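Quick notes on the structure that follows.
Nothing in this text is a laboratory measurement; each read-out follows from the coordinates by a stated rule. Nothing here was measured: the structure is a model prediction, and the numbers come from that model. Please note: Cβ atoms are built from the backbone with ideal geometry, for glycine as well, and neighbour counts cover all protein chains shown.
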Amino acid sequence: MQSPREKGFGQGSLELARWAEGVFAPEDALLNEIRQRSDRAGLPAIHVGRFDGLHLEVLARLAGAKKAVEIGTLGGYSGVCLLRGMGDGGRLHTFELVEAHAEVARESFRRAGFADRVTIHLGNAQEGLRAIEPDGPSDLVFLDADKAGYPAYLAWAGEHLRVGGILLADNAFGWGYIANPEAAPDAAPSLRALNEFAERLARGGRFRATMIPTEEGLALGVKVR
Ligand SMILES: C[S@@+](CC[C@H](N)C(=O)[O-])C[C@H]1O[C@@H](n2cnc3c(N)ncnc32)[C@H](O)[C@@H]1O
């Protein structure tokens, strides 16, 4: 029960967060093992929170997704959640810049029984996305990597999701600074990009979108045109 301290959930109330964890059990032994093995391998502890993982699985189920794209693999935690949500026949293209992260993720997908349903693309997603376009359109795109790239990833999703497909993006609250960027001058470029991303998602015309108010802010849009 560490997520309330790592990633807030439950209106900032530890009591509510513990209650929700007790009832909904967002992290099972497999996901816990991925988190711990990633830590032992020296990966940064920046996987999605326990409830964010559950949101990804449930939303993938809700969308009936069978083809998903993830930007930012890390150790495979969120990828396993997405693959669980897609069930039999689900396939995931996931992009990762760092080989050491991809190596941990390969083992995570193998242990989860998903090795034959996932392709890890090593390198910068902004350059690699073109290669998977013939495999599209996708049912779900999840953004969880370089924030400066979010506007470009959104534009790509606008072109390569099917109508009715969903776009998800973690960290949409800019670590709490999106509405007050002056308080985090070091993060200015990322915050500008996150703001541009949110404006385009909300008002760009291709998506009907909302925010799931997790601690990090999970943006959610359905492609409407
Ligand atoms: C927040 S972590 C992803 C966490 C993962 N989605 C999870 O919850 O298990 C971000 C990852 O994106 C990778 N990354 C950063 N910029 C990238 C880029 N341009 N293309 C591909 N991967 C990138 C980082 O190396 C890091 O592993």
Report summary line: Taking a label point 7 Å from the Cα of residue 208 along Cα-to-Cβ, the residues of region 139-172 whose backbone nitrogen sits under 17 Å from it are 162-168
Query raised in the report: When Lys and Arg each count +1 and Asp and Glu each count -1, what net charge do the other residues less than 12 Å away from residue 64, Cβ to Cβ, add up to?
Result: +3
Requested in this report: Work through the residues other than residue 186 whose Cβ is under 14 Å from its Cβ and net out their charges, Lys, Arg +1 and Asp, Glu -1.
Outcome: +1
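What is the gain in length, in nm to one decimal, between residue 110 and residue 14 on full extension, counting 0.36 nm per residue of separation less the C-alpha to C-alpha distance?
Working: separation 96, 0.36 × 96 = 34.56 nm, distance 3.43 nm.
Extending this stretch completely gives an extra 31.1 nm.
On a full-extension model of 0.36 nm per residue, what is the gain between residue 124 and residue 100, subtracting their alpha-carbon distance, rounded to one decimal in nm?
On the way: separation 24, 0.36 × 24 = 8.64 nm, distance 1.43 nm.
Full extension from residue 124 to residue 100 adds 7.2 nm.
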Query raised in the report: Got a sec to turn the phi values of region 218-225 into Karplus ³J(HN,Hα) couplings, 6.51 cos²θ - 1.76 cosθ + 1.60 with θ = phi - 60°, whole Hz, x for Gly and Pro?
Result: 10, 6, 9, x, 9, 6, 10, 7
Report summary line: At the level of C-alpha centres, the distance separating region 33-77 and region 106-160, in angstrom, is 13 Å
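How large is the direction-averaged shadow of the alpha-carbon convex hull of the chain, in nm²? Provide the component values of the computation, followed by the final result.
Working: hull surface 47.0 nm².
Across all orientations, the chain yields a mean hull projection of 11.7 nm².
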Report summary line: Sorted by chain and then number, the residues having a modelled amide H within less than 5 Å of the amide H of residue 67, at least 5 places away or on another chain, are 91, 139, 140
Requested in this report: Starting from the amide H of residue 121, placed 1.01 Å from N in the peptide plane, find each other amide H under 5 Å away whose residue is 5 or more places distant or on another chain.
Outcome: 94, 95, 96
Requested in this report: Taking the dipole about the Cα centre of the chain, with the C-beta of Lys and Arg at +1 and of Asp and Glu at -1, give me whichever of 22, 38, 93 is farthest to the positive side.
Outcome: 93
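Quick one, could you list the DSSP H helices from the chain stretching 18 Å or more along their long axis (Cα atoms) with average Kyte-Doolittle hydropathy of -0.5 or above? Provide the component values of the computation, followed by the final result.
Working: long enough: 50-63 (20 Å, 0.44); 99-112 (20 Å, -0.99); 188-203 (22 Å, -0.31).
Helices meeting the criterion: 50-63, 188-203.
What does the highest-first list of 62-69, 22-29 look like by mean Cβ count within 10 Å? Display every interim value, and only then the final one.
On the way: 62-69: 19.9, 22-29: 12.2.
Packing order, densest peptide first, comes out as 62-69, 22-29.
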Report task. Run down the aspartates and glutamates and flag those whose C-alpha is under 20 Å from the C-alpha of residue 223, throwing out any fewer than 8 positions away in its chain. Result -> 57, 70, 133, 135, 139, 144, 159, 170, 196, 199
Requested in this report: Report the local net charge at residue 139: Lys and Arg +1, Asp and Glu -1, summed over other residues whose C-beta lies under 13 Å from its C-beta.
Outcome: +4
